[in-house]
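In what follows, a structure is listed as structure tokens, so that the remarks can point back to it.
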């Protein structure tokens with residue numbers, strides 16, 4: 001998970017349910033950016049992220065990984081958090097990467113690697129029963145102004161279909 005994904009999931013209230021439902025790893029650089037620097041700059045989400053990470057997530061130091069370095073070569077649009085998330089993905093190996101960094105998600109798609117924006121995570125959590133349909137809709141509404149309109153609309157449609165199958169919304 002990169003910083004963008006971590007912060008947006010915290011803002012919409014879905015980070016704790018995600019951390020309870022799935023085994024989550026974050027690179028040390030992402031922790032430093034979201035928690036340590038966030039607390040220094042008095043970001044309101046920093047303390048909540050720190051608590052959830054301490055209780056349910058794993059922070060990992062990340063070394064360079066040959067597969068990641070090949071993909072990252074010449075890519076200047078990615079920050080340290082995205083770079084370390086990709087290295088961690090290969091080092092574990094992980095099931096995928098949560099991010100809302102548009103260029104990073106596009107790179108993952110190009111490489112055939114699984115990347116999930118926070119809105120897709122909400123849909124997955126609801127489909128697996130870790131969030132109720134109303135909780136997922138509420139979380140998505142909190143993300144609305146933070147994500148691309150087409151990503152919001154797609155997640156909204158997915159949640160409506162899911163709620164219809166589950167008999168509620």
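Please treat every number below as a calculation from the coordinates, not as lab data. It should be emphasised that the depicted structure is a prediction, and the values quoted were computed from it without experimental measurement. Note that we place each Cβ from the backbone using ideal geometry, even for glycine, and neighbour counts take in every protein chain shown.
Assorted remarks:
- Applying the condition of being in a helix (DSSP H, G or I) and touching a helix residue (DSSP H, G or I) at 6+ places or on another chain (Cβ under 6 Å) to segment 40-71 and asking which residue is surrounded by the most Cβ atoms within 10 Å (Cβ to Cβ) yields 49.
- Count of segment 11-28 residues which are more than 17 Å from residue 127 (Cβ to Cβ) and surrounded by fewer than 22 Cβ atoms within 10 Å (Cβ to Cβ): 8
- Filtering segment 90-135 to residues that are crowded, with 18+ Cβ neighbours inside 10 Å, free of Cβ contacts under 8 Å to residues at least 60 places away in the same chain and over 15 Å from residue 1 (Cβ atoms) leaves 107, 123, 126, 133.
- On the stretch given as segment 138-153, residues that are without any contact (Cβ under 8 Å) to a residue 60 or more places away in the chain and over 17 Å from the mean Cα position of the chain (by Cα) total 3.
- Selection status of residue 7, in contact with a strand residue (DSSP E or B) (Cβ under 7 Å, 6 or more places away or on another chain) and within 28 Å of residue 131 (Cα to Cα): no
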